[in-house]
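**Q** The structure follows.
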Amino acid sequence: MTDWVAEEHRYVFQNYGRQPVVIERGEGTRAWDVDGNEYLDFVGGIAVNTLGHANPVVANAIAEQARTLIHTSNLFYTKPMIELAKLLVENSCLDRAFFCNSGTEAVEGAIKLARRWGHDTRNGAYEIITTVDSFHGRSLGALAATGNARYQEPFGPQLPGFVHVPWNDLEAIKAATSGQTVAVMIEPIQGEGGVNMPGDGYLRGVRDWCDERGLLLILDEVQTGVGRTGSLWAYEQEGIEPDIMTLAKGLAGGVPIGAVLAREEIAAHLVKGDHGSTFGGNALAAAAGFATLNYIVENDVPAQVRRASGLLMSRLRSMEDRLGVVNEVRGRGLLVAVGLTRDCSAEVVDQCRKRGLLVNNVRPNAIRLMPPLNVRDDEIGRACDILEEAIAAATGTPAK
Ligand SMILES: *Cc1c(COP(=O)(O)O)cnc(C)c1O
């Protein structure tokens, strides 16, 4: 039998720290490896598999579109892309969509759009304020925006024009604002940074400051969007609206896609020839996006997320009483992290996997859970049972 891990080590760049499991097949929240072992998948492709593995709604849309038309380039109009743009606009506060293929590219597009707007309307202002521990992607523009020196340092010099301020610190944003500032870019909840929640009123305060100073508010909803936090977009729960929003991860149920949404007056500044992508808005990806988002809207999946979240959070919080090593449960909807008092998350991940649960150690002291939005109650119960056993086994923590 082929040793897939050995083959990967032989032929593939070694830039990922992968869990030692070769996943072959999935259905809903479950996945099977090449040896036939079954897992509950609470990684969900990193908040990508919104409707679970092999969902017929998504799979049929992909299959039908593949038999009809996969790709044309943006030299032509195609129906799926236009339909997806209309669906996004009609279900958000924004007026127009641009499509690309990943979160990084969406961020890159948003940066260019903000700079273009600053060039045209604000005397060439170009600086963008972002937060420490943010994650916006790995291309050189998105990397410069990302507030994490570890990702940046080996790839210097960084693209200029970004200022990083501490998360949850409105005064720091105010102090960092200069005549060159064009925008503030922020994740409604810091995802890769560890599922870090915004303080009450923080995002409202950032919105007000942007209005006062004529800055654009860019919300990076690559991870929080498409129902993940219990509303279609995370901004809805903060009582604010962005000027520009970036989307990717969950938008097409697992097919690579990215999108930039913007208000009309801002989108108008990107004119013919300014920006583009060969694959962006590709008929196959757009059809998958339409099928996914349309299902979420028509079936009020965010309401299901809120219900499931209540169950998941209360099960996890009950662990705080039993396991001394669990000191915090944070997140919103089905973007959740379990904080640990020590750096043992890698061992917890291993112990979970041995018991049939896939989770992600987003920080050395935090486990992140991002199951499909249609995860069932019994699956949440089983996952919490396994997680509790795994934490106890990994840490040798006696019950409190
Ligand atoms: C994952 C992520 C990105 C980057 O998306 P890729 O598709 O990996 O390029 C950007 N911003 C946020 C908030 C993310 O979570």
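Throughout, read-outs are computed from the coordinates displayed, never taken from laboratory work. These numbers were taken from a predicted model, which means no experiment stands behind them. Cβ coordinates were reconstructed from backbone atoms using ideal geometry, including for glycine residues, and neighbour counts include every protein chain displayed.
**Q** Compute the Kirkwood hydrodynamic radius of segment 68-207, taking the inverse of the mean of 1/r over all pairs of distinct Cα atoms, and give it in Å to one decimal.
**A** 16.7 Å
**Q** Please give the direction-averaged projected area of the C-alpha convex hull for segment 1-61, in square nanometres with one decimal.
**A** Result: 5.3 nm².
**Q** Give me the log10 of I(q) over I(0) for segment 56-298 at q = 0.15 Å⁻¹, as the Debye formula computes it from C-alpha points; what are the numbers?
**A** Treating every Cα as an identical point scatterer, log10 I(q)/I(0) equals -1.00.
**Q** Between segment 144-167 and segment 205-281, what is the C-alpha centre distance in whole Å?
**A** One Cα centre to the other: 21 Å.
**Q** What are the radius of gyration and Dmax of segment 61-104, computed over its Cα atoms and given in Å?
**A** Every Cα atom of segment 61-104 included, Rg and Dmax give 12.0, 34 Å.
**Q** Separate question: How about segment 129-232: which chymotrypsin sites (Phe, Trp or Tyr not before Pro) there lie in a loop by DSSP and see at most 10 other Cβ atoms within 10 Å?
**A** Qualifying residues, ordered by number: none.
**Q** Quick one: net charge around ILE257, please, counting Lys, Arg +1 and Asp, Glu -1 for every other residue with C-beta under 14 Å from its C-beta.
**A** -2
**Q** Helix by helix, which DSSP H runs in the chain go 20 Å or more along their axis at the Cα atoms and have an average Kyte-Doolittle hydropathy of -0.5 or more?
**A** 283-298, 301-322, 377-395
**Q** Please list, by residue number, every one of the trypsin sites (Lys or Arg not before Pro) in segment 219-279 that is coil in DSSP and has at most 14 other beta-carbon atoms within 10 Å.
**A** In loop regions of segment 219-279 (DSSP not H, G, I, E or B), the sparsely surrounded trypsin sites (Lys or Arg not before Pro) are LYS272.
**Q** How would CYS100, CYS210, CYS93 line up from fewest to most surrounding beta-carbon atoms within 10 angstrom?
**A** CYS93, CYS210, CYS100
**Q** If amide H atoms are built 1.01 Å from N in the plane of the peptide, which residues on other chains or at least 5 residues away come under 5 Å of the amide H of VAL329?
**A** GLY339
**Q** Name the residues whose placed amide hydrogens come within less than 5 Å of the amide hydrogen of ASN360, ignoring near sequence neighbours (fewer than 5 apart) on the same chain.
**A** Here the answer is ARG368, since their amide H atoms fall under 5 Å of that of ASN360.
**Q** Using the 10 angstrom Cβ neighbour count as an exposure proxy, how do SER309, SER277, SER345, SER314 rank, fewest first?
**A** Fewest-to-most ranking of SER309, SER277, SER345, SER314: SER314, SER277, SER309, SER345.
**Q** Taking 0.36 nm per residue of separation and subtracting the Cα-Cα distance, what length does fully extending GLN14 through ALA66 add?
**A** Gain on stretching GLN14 to ALA66: 15.5 nm.
**Q** Pairs of Cα atoms under 8 Å, at least six residues apart: use those to get the relative contact order of the chain, whole percent.
**A** 22 percent
**Q** Can you give the FRET efficiency for GLU265 and HIS119, using 1/(1 + (r/R0)^6), R0 = 22 Å, r = Cβ-Cβ distance, to the nearest 0.05?
**A** The formula returns an efficiency of 0.90 here.
**Q** For segment 204-302, what class follows from the C-alpha gyration tensor (a ≥ b ≥ c being the square roots of its eigenvalues): rounded when a/c is under 1.5, otherwise prolate if a/b is larger than b/c, else oblate?
**A** In terms of gyration-tensor shape, oblate.
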